[in-house]
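Here the structure comes first, spelled out in C-alpha cells, and everything after it is commentary.
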Amino acid sequence: MKASSEIGSAAHSAPVFSSSSGTLGRHLARRLVQIGVRDVFSVPGDFNLTLLDHLIAEPELNLVGCCNELNAGYAADGYARAKGVGACVVTFTVGGLSVLNAIAGAYSENLPVICIVGGPNSNDYGTNRILHHTIGLPDFSQELRCFQTITCAQAIVNNLDDAHELIDTAISTALKESKPVYISIGCNLPGIPHPTFAREPVPFFLAPKVSNQLGLEAAVEATAEFLNKAVKPVIIGGPKLRVAKAQQAFAELADACGYPVAVMPSSKGLVAEHHPHFIGTYWGAVSSSFCGEIVESADAYMFVGPIFNDYSSVGYSLLIKKEKSVIVQPNRVTIGNGPSFGWVFMTDFLTALAKKLKRNTTAMENYRRIYVPPGIALKRDNEELLRVNILFKHIQEMLSGNTAVIAETGDSWFNCQKLCLPENCGYEFQMQYGSIGWSVGATLGYAQAAKDKRVIACIGDGSFQVTAQDISTMIRCGQNCIIFLINNGGYTIEVEIHDGPYNVIKNWDYTGLVDAIHNGQGKCWTSKVKTEDELVKAIATSTGEHKESLCFIEVFVHKDDTSKELLEWGSRVSAANSRPPNPQ
C-alpha cells in the first residue's frame, strides 16, 4: 500500500513542536493525513460531535457527511481500494452496529479501514449508569465485542494517558495487516490538551517485512524445479495480490516466463489485461472463452494470492489438482502435495523466481491455436427492448485509462467480468463478501479518492434499493459518476440460484427518485432507456453535454435477460447449497 510505505520516509517535513500540548483530536486528524487519508466519511451523533469539530479543523482533511452509517462504511471501503486506506466516523452503538456490515466486508476483502466511533464520556465507564444509544444495560462493551471478530485491532480510548499509544498501535496494525480496525474515543476527550500529543505528531515508521532468506531460496529453488519440468505451465493471479502489494512483481514474472496469464474473478483489475500473454478470467465452468480449457489442461499451474471459496470455485467444481499446483500466498509458498515454506513474502518470491524460470510459451501457443474471437450480438429488431449484451457492448466502448468500473453483486459480476479493461482502467467488485447494495457507497468512496477517473457503476435495481440514499452525497460532492441502473424487476442472481416470489421487488421510478434527491441543487442528469438507440443517445449526452454531472441512466431489460455465465454459475452454486447432510 502506497500510504503505509511512505510513513516515516524522508519526504515528510520535520515535525513542528509547540510548548503548548496538542490534543487527541488534532493528533488523530494529523495521523489520518499522514497515512494518506484526505476524506473521512461520517454520520454525526452526539457522542462524536466534538471529535468531528477537530477533524474539520484539519485543513488537509475533508469531512464527507453520509446519509447512513452503512454507506459511510461502504464509502470508506471504496476509498481504501483507490487510495490504500480509508476512514469513517460514527457514533456509539447505534452508529457502530449500523456500520458493522460494511466493516465486515472490508475485512473479507483485506482493506485497511479506520473505523472511529465517538464513545461515552470517560467518567461513565465502570459506573452503573445506563446510557442512551445502548440496549439499556450498564455494560458498554457490546459494540466492542461485535467489532472484535471483524477487525484486526481494537482500541477503547477513555484515558488520555495511554490514548497516543492506543491510537497509533491501532492505525499501524491496520496498515500492517491490511484489515480494518476499531477505535472508540470518549466524547469528552478530543479537545483536552495532554503532554503526550506533540503539536505535530512525529511520523511513525512501519518496518518492512523481510523474508526468511533461507526459506526464500528454498522456495524459489523448489518452485523453479517444479515449473521448469512442466510442458505447458500457466500462472493465475488472485485477489491477495493487492494485500501483498505484488502486482508489479507479478507483471515482471509474467514478462519473464512466457506462460499464459489468467486472473481469478475477484482479482480482475489487479493484472494488466493489455499484457500480450493475458488470456482472461479463470472461473471454472464460467471462465472466459478458451481460458478455462488452457488452465485446466495445464500440467502445472501457479496460483498467486488465490481465494478458493464456493463462489470463485463455482460450487466447488474447479478441475484443479493439488499435485499440479503451486499456491503462493502473501507470506507462504506451497508446492503440490509436498513442501510448504513460511515467512516467504510474495513480492520477494516472485522477483526471485522470475530469474530462475525457463521461458516456456507452449501453453500460450496452444491458446492462440484454439482461440476464436468473440461473436457479435444478434442484430436487434426495431424498437426491441434493450438486451443486456448490447448494453455492455456500449459500456465496453466507454472504457479508457481515465475510467473505473464498479460492479455490483449480481449479474453485473458476470457481465463486467467480460469487459476488456484498457491500461490503467480501474475495476472493483466485492466478491468474497457479496453484500448487495455495496456499490452505491463504494462508488461514492472510490470517486472521492480517484478524482482523475470517471467512475462507471453497474447496479441492479434490487441492490440499489438497499443503499440508494447516498446518491445525494455524490451530488453534494460534485462527483460525475455514470450509474447504469439495470431495471429487471428483482434479484436476478437469487432467481438463478433458487427462485421464489421473494425475488420480485416493488418497482420504483428510479430516475424520479434521483431527480427528487437532486432537487435542483448540484449537477445531475437522468434518463430512462428502453432501446439501443435511446442508450446511444444517453451515453453521448453523459459523455458530452453532461460530462461534469452525475449521470443516472435507468436501463429497462427483460427479467429473464441474464448472462449465460450466471445461468451456469447459479445452477452449480444451487447444487452446492442444496447438498444433503452427510450420513451420521
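Round to the nearest 0.05 the FRET efficiency obtained for GLU534 and GLN584 when R0 = 60 Å and r is the Cβ-Cβ distance. Here the calculated transfer efficiency is 0.55.
With 24 Å as the limit on Cα-Cα distance, the pairs of LYS321/LYS393; LYS83/LYS176; LYS229/LYS355; LYS268/LYS393 that go past it are LYS321/LYS393. Peptides 163-171, 235-243 ranked from most to least packed by the mean count of surrounding Cβ atoms within 10 Å: 235-243, 163-171.
Rounded to whole numbers, the Karplus 3J(HN,Hα) couplings from phi for the stretch 242-249 are 5, 5, 7, 6, 10, 4, 5, 5 Hz, using 6.51 cos²θ - 1.76 cosθ + 1.60 with θ = phi - 60°, and x at Gly and Pro. Both radii come from the Cα set of the chain: Rg as radius of gyration, Rh as Kirkwood radius; their ratio Rg/Rh reads 0.98.
Restriction of the chymotrypsin sites (Phe, Trp or Tyr not before Pro) in the stretch 152-228 to DSSP coil positions whose beta-carbon has at most 14 other beta-carbons within 10 angstrom yields PHE205. Of the trypsin sites (Lys or Arg not before Pro) found in the stretch 135-231, those that fall in a DSSP loop while having at most 11 other beta-carbon atoms within 10 Å are LYS229.
Given R₀ = 41 Å, what would the calculated FRET efficiency be for ALA575 paired with ASP161, taking r from the Cβ atoms and rounding to 0.05? Each step should come with its number before you reach the end.
Working: r = 58 Å, r/R0 = 1.41.
Efficiency, rounded to the nearest 0.05: 0.10.
Quick one: how many Å² of ASP53 are accessible to a 1.4 Å probe, rounded to 10? Around 100 Å² of this residue is reachable by solvent. Computed extension gain for VAL202 through ALA285, at 0.36 nm per residue and net of the alpha carbon distance, reaches 24.6 nm. Placing GLU534, GLU383, GLU221, GLU408 in order of accessible area, with the largest value first and a 1.4 Å probe, yields GLU383, GLU221, GLU534, GLU408.
Computed about the Cα centre, the dipole magnitude for the stretch 94-171 is approximately 280 debye when only Lys and Arg (+1) and Asp and Glu (-1) carry charge, each at its Cβ. For the pair ARG38 and HIS132 in one chain, pulling the backbone fully straight at 0.36 nm per residue adds 30.7 nm over the alpha carbon distance. GLU109 contributes an accessible area of around 30 Å² to the protein surface, as traced by a 1.4 Å probe with all chains present.
Dipole size in debye (nearest 20) for the chain around its Cα centre, Lys and Arg Cβ +1, Asp and Glu Cβ -1? Please list the in-between numbers first.
On the way: 48 positive and 57 negative charges, 264 e Å.
The calculation lands at about 1260 debye.
Between GLN521 and HIS275, the distance separating the two model label sites (each 7 Å from Cα on the Cα→Cβ line) works out to 4.8 nm. From largest to smallest, the equivalent ellipsoid semi-axes obtained for the stretch 370-422 from the alpha-carbon gyration tensor read 20, 16, 12 Å.
Of TRP508, TRP569, which has the most accessible area and how do the rest follow, probe 1.4 Å? Mind showing how you got there, number by number?
Values: TRP508 85, TRP569 0 Å².
Per-residue accessible area, sorted high to low, gives TRP508, TRP569.
Under the simplified labelling scheme, the TYR316-VAL504 pair shows an inter-label distance of 3.5 nm, with each label point 7 Å from Cα along Cα→Cβ.
Set the Förster distance to 41 Å, then compute FRET efficiency between GLN396 and GLU60 from the Cβ-Cβ distance, nearest 0.05. Before the final figure, lay out each step's value.
Values: r = 38 Å, r/R0 = 0.93.
Approximately 0.60, to the nearest 0.05.
The alpha-carbon atoms of the stretch 287-440 define a convex hull whose volume equals 177 cubic angstrom per residue.
Dipole orientation for the stretch 160-263: of the candidates ILE236, HIS194, GLN213, ILE236 has the Cα lying most toward the positive pole (charges on Cβ; Lys, Arg +1; Asp, Glu -1). Once all protein chains are placed together, ARG38 keeps about 80 Å² accessible to a 1.4 angstrom probe. When peptides 469-479, 306-316, 410-420, 334-344 are ranked by their average number of other Cβ atoms within 10 Å per residue, the highest-first order is 410-420, 469-479, 306-316, 334-344.
May I ask for the net charge around TYR433, where only other residues with Cβ less than 12 Å from the Cβ of TYR433 are counted and Lys, Arg are +1 while Asp, Glu are -1? List each step's numbers first, then the result.
Numbers: positive: none; negative: ASP77, GLU109.
Summing Lys and Arg as +1 and Asp and Glu as -1 gives -2.
The values are calculated or read from the model by the stated rules, or taken from the named source; none is laboratory data. Being a predicted model, the structure only gives us computed values, none of them experimental. With ideal geometry, Cβ positions are generated from the backbone for all residues, glycine too; neighbour counts draw on all protein chains shown. Calculation scope for accessible area: heavy atoms of the full protein, side chains included, ligands and nucleic acids excluded. Shrake-Rupley method; radii C 1.70, N 1.55, O 1.52, S 1.80 Å.
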